[in-house]
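Every read-out reported here was derived from the displayed coordinates using simple, explicitly stated rules and does not represent laboratory data. Not measured: the values here are computed from a predicted model. Virtual Cβ from ideal backbone geometry, glycine too; neighbours counted across all protein chains shown.
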Ligand SMILES: [Zn+2]
């Protein structure tokens, strides 16, 4: 039996039954567990997916000219750099290369924070590539000229922060902010992963919102019907144990909150100040 808990939730999982206790009410969520394949989104299942993929495909980088069946694996890091590093290690173990796209303007993590920056460098040291995850909705002026100016600026900041060349970007929430109408293969001297050329060349599958909207990735990889695949994995959806998508976010947010408070407590302790509660 695996137990995940925090102040706001308490989840008990065994092989057949999940009971979520919230506000003293018990809700049977077995049906949701099965319907949305909660147990697909674990580290151990991720390892199985990579092993299955390795049997049928080669892993390539964006911009490849390979004619052989291949996969391009990409991660838009929306919520958790900690989870990104956990997946990067599993990929390294399976000799797989992928690209991690980081946000400058995330509400969930700060790439300028020492411990976060160190984890991004760990991902690079494992041999993975990094790109810019660009949030178009942040900018009022949607003209092409302004887009290029803003892409140039974010690229420069990320590149100087990481001391890495940034030659690729992905749009954050592309279907809600008209980003899919921007079909250029390159902008600001970066490959646009939502460009027409890439979208026309690859079967695309994503774990957006923590469930499979069309097919399960395991079935796709096992059946081997698609020649070239672009896989988008958001690291926050992949945890050590199975849980609902929102609870995966709760876990990430709770851990970050705890870390922030620990930092405050340790600063006071180090400076021998009273920590009045
Ligand atoms: Zn995103």
Seminar exercise, completed: Between residue 89 and residue 65, the FRET efficiency computed from the C-beta separation at R0 = 30 Å comes out, to the nearest 0.05, as 0.55
For this session: For the chain, with a Gaussian network of springs between Cα atoms less than 10 Å apart, report the residue from 250, 81, 130 with the top mean-square fluctuation.
Result: 250
Exercise. In percent, what relative contact order does the chain have, based on Cα pairs under 8 Å that are 6 or more apart in sequence?
Worked result: 22 percent
Exercise. Taking R0 as 30 Å, what's the FRET efficiency between residue 138 and residue 115 from their Cβ-Cβ distance, rounded to 0.05?
Worked result: 0.80
Problem set entry | Gain upon complete extension [residue 216, residue 105; 0.36 nm per residue less C-alpha separation] | 36.9 nm
For this session: Going by C-beta contacts inside 10 Å, put 77, 253 in order with the fewest on the left.
Result: 253, 77
Problem set entry | Model label zone, residue 37; criterion: amide N under 14 Å from point 7 Å along Cα-to-beta-carbon; scope region 201-217 | 205-217
Seminar exercise, completed: Residues 241, 260 in order from fewest to most other beta-carbon atoms within 10 Å are 260, 241
For this session: Within 10 Å of each residue's Cβ, count the other Cβ atoms and sort 62, 134 from fewest upward.
Result: 62, 134
Exercise. Gain in length, residue 162 to residue 240, computed as 0.36 nm per residue apart minus the alpha-carbon separation, to one decimal in nm?
Worked result: 25.3 nm
For this session: Taking only Cα atoms and a 10 Å spring cutoff, compute GNM fluctuations for the chain and point out the largest among 150, 228, 31.
Result: 31
Exercise. In terms of the Cα gyration tensor, with a ≥ b ≥ c the square roots of its eigenvalues, is the chain rounded because a/c is under 1.5, prolate because a/b exceeds b/c, or oblate?
Worked result: oblate
For this session: Calculate the spin-label point distance for residue 199 paired with residue 153, positioning each point 7 Å from the Cα along the beta-carbon direction, and give it in nanometres.
Result: 2.6 nm
For this session: Rounded to the nearest Å, what's the spacing between the alpha carbon centres of region 40-101 and region 136-171? Just the number, please.
Result: 24 Å
For this session: With r as the distance between the Cβ atoms of residue 48 and residue 184 and R0 = 41 Å, compute the FRET efficiency 1/(1 + (r/R0)^6) and round to 0.05.
Result: 0.65
Exercise. Build a GNM of the chain with springs between Cα atoms under 10 Å: which of 195, 80, 257 gets the top mean-square fluctuation?
Worked result: 257
